[in-house]
1. Given C-alpha coordinates of the chain, what is the ratio Rg to Rh with the Kirkwood estimate of Rh?
2. How high is the relative contact order of the chain, given as a whole-number percent (alpha carbon pairs under 8 Å, six or more residues apart)?
3. Could you give me the radius of gyration and the Dmax of segment 207-285, taking only the C-alpha atoms into account and expressing both in angstrom?
4. Over all distinct Cα pairs, what is the inverse of the mean 1/r for segment 151-259, reported as the Kirkwood hydrodynamic radius in Å?
5. Report ³J(HN,Hα) in whole Hz for each residue of segment 232-238, in order, from the Karplus equation J = 6.51 cos²θ - 1.76 cosθ + 1.60 where θ = phi - 60°; Gly and Pro get x.
6. Output the direction-averaged projected area (hull surface divided by four) of the convex hull of the alpha-carbon atoms of segment 26-136, in nm².
7. Got a sec? Charge dipole of segment 2-280, +1 on Cβ for Lys and Arg, -1 for Asp and Glu; which of Thr75, Ala49, Ser120 is way out at the positive end?
8. Gaussian network model of the chain, Cα springs within a sub-10 Å range: biggest mean-square fluctuation belongs to which of Ser225, Ser107, Ser261?
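The values are calculated or read from the model by the stated rules, or taken from the named source; none is laboratory data. Bear in mind the structure is a predicted one, so any value in this text is a computation, not a measurement. Please note: Cβ atoms are built from the backbone with ideal geometry, for glycine as well, and neighbour counts cover all protein chains shown. Please note that ligands, DNA and RNA were not included when accessible areas were found on the heavy atoms of the full protein model with its side chains. Shrake-Rupley method; radii C 1.70, N 1.55, O 1.52, S 1.80 Å.
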Amino acid sequence: MSTTFTLDTSTSRAHPTPAPMKRLTVPAIGKRKGGEPIVMLTAYTARMAQLLDPHCDVLLVGDSLGQVIYGLPSTLQVTLDMMCAHGAAVVRGSYHSVVIIDMPFGSYEQSPEQAFASASRIMAETGAAGVKLEGGEAMAPTVAFLSQRGIPVCGHVGLTPQAVNALGGYGARGRSPEEEAKILRDAKAIADAGAFLLVIEGVVEPIAAAITKAVACPTIGIGASVDCDGQVLVIDDMLGMFERTARFVKRYDDLAARIASAAESYAAEVRSRSFPTAAETYAPK
Ligand code: KIV
């Protein structure tokens with residue numbers, strides 16, 4: 001049977017018939033607490049979303065795109081415009097995964113109202129199912145404000161990259177009893193405020209396991225613990241696109257070397273005039 005596409009003009013998204021897979025929902029992800037581990041990866045483009053979608057439960061359009069796609073020094077320079085453009089592309093490229101979009105630095109911290117304005121723009125322009133924001137106790141009222149108004153929120157505690165200047169770097173968190181207690185309080189506050197999912201990044205392992213036991217929503221670990229309810233990695237890190245990555249990254253490929261090798265072969269063939277051949281050129285009629 002051939003596939004036909006209908007264009008949804010509100011999201012610019014092409015819906016295939018027959019649908020390859022039914023899209024998961026936020027409540028379905030919430031029910032995975034303590035059950036089958038949740039598979040989450042970042043995605044920033046439509047084509048990557050198409051490739052990852054059948055294997056993932058959640059696709060995160062992370063503000064890590066600042067460094068990964070734009071070569072920025074940190075996530076602090078990422079804008080709402082960037083998140084909306086890449087978020088819409090990932091929604092267009094996926095049919096199965098729940099798509100969550102990071103709220104960029106400066107778009108939500110000022111007040112719950114500011115956060116609602118930014119989050120509702122993200123949701124309307126992308127068609128995503130929810131947003132993610134960083135922070136602990138101080139952000140709990142904002143998480144409650146958004147959740148109670150129909151915007152599913154994923155929290156993010158522990159190592160929160162948007163706070164790199166306040167934290168003094170990207171090192172693992174929770175090495176002192178005071179820091180450990182603070183991260184636990186942060187996680188509970190965000191979960192109790194209504195977050196449907198909680199990313200725990202870069203904390204010493206027992207803290208992530210303790211948070212996972214203590215909160216009602218599923219937890220997603222990155223540099224955290226195998227006991228979390230799911231795991232996330234930055235896609236370019238796990239594909240081996242960068243020479244240097246954090247200790248918690250496992251490389252599942254060495255794509256940087258394979259791309260360099262393909263470019264080297266192409267360059268050699270162009271220079272030796274062995275590309276294009278008859279197979280890649282149009283003959284006259
Ligand atoms: O921006 C991002 O990619 C993230 C993940 C690392 C969790 O927040």
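1. Working: Rg = 20.7 Å, Rh = 20.1 Å.
Dividing the radius of gyration by the Kirkwood radius yields 1.03.
2. Answer for the chain is 15 percent.
3. My reading of the Cα-based Rg and Dmax gives 22.4, 72 Å.
4. Values: mean 1/r = 0.0689 Å⁻¹.
Result for segment 151-259, one decimal place: 14.5 Å.
5. The phi angles translate into 9, 9, 6, 4, 5, 5, 6 Hz.
6. On the way: hull surface 28.9 nm².
If I average the Cα hull's projected area over directions, I get 7.2 nm².
7. With unit charges placed on the Cβ atoms, the residue in question is Ala49.
8. Ranking Ser225, Ser107, Ser261 by mean-square fluctuation puts Ser261 first.
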